[in-house]
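The next block holds one structure in the form of structure tokens; read it before the comments.
The values are calculated or read from the model by the stated rules, or taken from the named source; none is laboratory data. Note that this is a predicted model, so its numbers are computed, not measured. Cβ: placed from backbone, ideal geometry, glycine included. Neighbour counts: every protein chain shown.
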Amino acid sequence: MPVLRRRALAAALVLAADLALAGCGAGFPWLREKPAKPAAAAPAAPAATQPAAAAPAQTAPVPVMTVNEIAVAYVRLVLAFDQLDPGYVDAYYGPPAWRDLARKAGLDAAQIQHQAQQLMAALSSAAPEPIAADPKLPELRRRYLKNQLGSLSARAAMLRGQKFSFDDEARALYDVAPPDYNAAENEAALAQVRSLLPRGSGSLAQRYNRYVDGFAVPRARLERVMQAAIADARAGTRRHLSLPAGERFELSLVAGKPWSAYNWYQGGFSSRIQVNTDLPVTIDRVIQLASHEGYPGHHVYGGLLEQYLVRGRGWPEYQVYALYSPQSFVAEGSADFGVDLLYPWQQRRALEKKLFRLAGLSTRNLTDYDRVTAAAKLLAPATVEAARHYLDGDWTAVQTSAWLQEHTLASPERARQRIAFFDRYRSYIVNYAYGEQLVRQYVEAAGGTVPGSAEQWRAFGRLLTTPRVASSLD
């Protein structure tokens with residue numbers, strides 16, 4: 001992809017901001033004041049969501065705007081909504097003045113919903129911006145912005161009191177219809193785990209957790225083992241993808257969180273990765289978290305979007321990451337799929353042996369452990385079913401915990417953590433296992449079915465560097 005030099009890119013971003021500020025008209029009065037110009041960037045390497053509740057009646061005509069002007073307005077509207085819904089913005093590395101302006105604007109949820117719908121209308125009539133080298137990109141970008149704005153409108157409607165079912169919320173926020181639960185597949189996976197576990201007393205969940213906890217990394221060694229796993233994932237990813245120069249991360253161990261790990265993308269090709277130590281972290285989880293949060297997962301996704309789309313093309317919409325939005329479906333799905341892409345069977349086995357030794361664990365039962373964890377992964381769709389019934393009010397927390405223990409083999413402690421996740425992030429859970437499924441289908445359709453092949457990596461790299469949402473995974 002074309003590379004813009006420092007001055008040219010900075011000028012492009014400033015021009016986009018100035019045009020948006022001047023062109024938003026009566027529909028966007030809070031955007032009239034010009035912010036400070038963004039600093040020059042470093043040199044770079046190369047179906048709409050379901051409509052939300054009606055916003056207040058439109059009092060001004062739909063403004064005529066370019067796609068880049070709409071993108072700037074989108075970023076600043078997302079920043080304004082974060083003032084009402086803290087945590088909605090997961091990452092932002094655009095001009096600080098835009099965040100300050102959003103804070104001062106004082107928009108309420110109804111105004112934000114209305115302006116999001118105005119921007120969607122403006123997008124439908126915006127002049128196309130052809131890209132000769134990649135003719136599909138303009139339409140992908142338009143669809144991305146339309147779905148992000150539709151999701152923002154739906155989230156604003158929720159803040160105003162509109163109630164969605166689990167399935168409708170997932171459609172409105174993440175551009176995806178959650179799959180139906182397949183009880184037969186769950187029973188088959190449980191039977192497979194049962195056949196692989198050593199004999200013992202207690203329920204299947206108790207036997208499973210007793211077994212896998214024997215492969216947990218001692219707390220005193222966890223940071224060292226995590227660093228080694230991330231380093232290996234980084235080296236493996238670099239063999240297939242060209243990563244931004246100077247990309248980096250910092251790792252820390254935390255506690256008291258409703259999630260297992262988190263990547264906080266900082267911009268400038270930098271991430272903060274946090275791993276939660278509330279529950280045992282097994283070797284299997286170490287590999288998954290290192291890949292999912294780091295390489296080729298969230299850290300790589302954030303870095304490549306910044307390199308190719310923000311710096312390379314001057315598209316400002318990727319300077320902000322709205323957590324409850326269609327972008328998260330691709331972000332989580334690609335991060336989960338990336339684990340198997342990076343570590344086909346032989347590569348995974350070599351890393352496991354290294355990590356077992358670092359953790360002070362015996363590799364004697366490594367083959368059996370791999371079989372058990374592979375079978376247990378097939379239980380993941382049942383977590384979505386638990387969230388569906390819990391959030392729709394069909395089950396209490398006690399009933400949901402019992403379901404998670406029986407159908408996903410969660411320990412009581414992990415079941416409580418997952419319910420805390422449902423309480424905080426609601427239908428976001430659909431983005432993981434189902435996101436991985438759709439990303440896998442996309443990569444295999446474009447790159448074949450040989451795990452970890454050069455063709456699969458090319459398709460995966462394309463996914464991470466183009467504007468995609470669930471409905472454009474085709």
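Scanning the stretch 284-292 for residues that are touching a strand residue (DSSP E or B) at 6+ places or on another chain (Cβ under 8 Å) and under 29 Å from residue 222 (Cα atoms) turns up at least one hit. Condition check: among the acidic types (Asp, Glu) and more than 30 Å from residue 386 (Cα to Cα). Does residue 85 satisfy that? When the stated conditions are applied, residue 85 does not pass them. Reported count of residues in the stretch 173-192, each being surrounded by 24 or more Cβ atoms within 10 Å (Cβ to Cβ) and assigned to a helix (DSSP H, G or I), is 2. On the stretch given as the stretch 243-294, residues that are under 19 Å from residue 311 (Cβ atoms) and touching a Lys or Arg at 6+ places or on another chain (Cβ under 6 Å) total 1. The lone criterion from (1) modelled with pLDDT of 95 or more; (2) under 23 Å from the mean Cα position of the chain (by Cα); (3) closer than 30 Å to residue 305 by Cα; (4) not β-branched (Val, Ile, Thr) left unmet by residue 468 is number (1). Of all the listed residues (425, 434), the sole one being more than 24 Å from residue 189 (Cβ to Cβ) and in the same structural domain as residue 236 (by TED's automatic domain parsing) is 425. Residues in the stretch 289-309 that are farther than 14 Å from residue 247 by Cβ and surrounded by fewer than 24 Cβ atoms within 10 Å (Cβ to Cβ): 309 only. Taken over the stretch 47-94, residues that are part of a loop (DSSP other than H, G, I, E, B) and either at pLDDT 60 or above or among the aliphatic types (A, V, I, L, M) (or both) amount to 22. Residues that are modelled with pLDDT of 95 or more, under 21 Å from the mean Cα position of the chain (by Cα) and buried (at least 16 other Cβ atoms within 10 Å of the Cβ) number at least 3 in the following strands (runs of 3 or more DSSP E) confined to the stretch 219-285: 261-267, 270-276.
Considering the stretch 114-124, and only residues there that are modelled with pLDDT of 95 or more and out of contact with any Lys or Arg (no Cβ under 7 Å at 6 or more places or on another chain), the residue that is surrounded by the most Cβ atoms within 10 Å (Cβ to Cβ) turns out to be 119. For residue 167, the stated conditions do not hold, so it cannot be described as of a type in the set (Asp, Glu) and not in a helix (DSSP H, G or I).
When you check residue 141 against the structure, is it in contact with a Phe, Trp or Tyr (Cβ under 8 Å, 6 or more places away or on another chain), farther than 24 Å from residue 426 by Cα and assigned to a helix (DSSP H, G or I), yes or no? Yes; evaluated as a whole, the condition is true for this residue.
Going by the conditions given, is residue 228 in contact with a helix residue (DSSP H, G or I) (Cβ under 6 Å, 6 or more places away or on another chain) and of a type in the set (A, V, I, L, M)? Spelling it out, residue 228 is indeed in contact with a helix residue (DSSP H, G or I) (Cβ under 6 Å, 6 or more places away or on another chain) and of a type in the set (A, V, I, L, M). Within the stretch 425-465, being outside any helix (DSSP H, G or I) and β-branched (Val, Ile, Thr) holds for 449, 450, 465.
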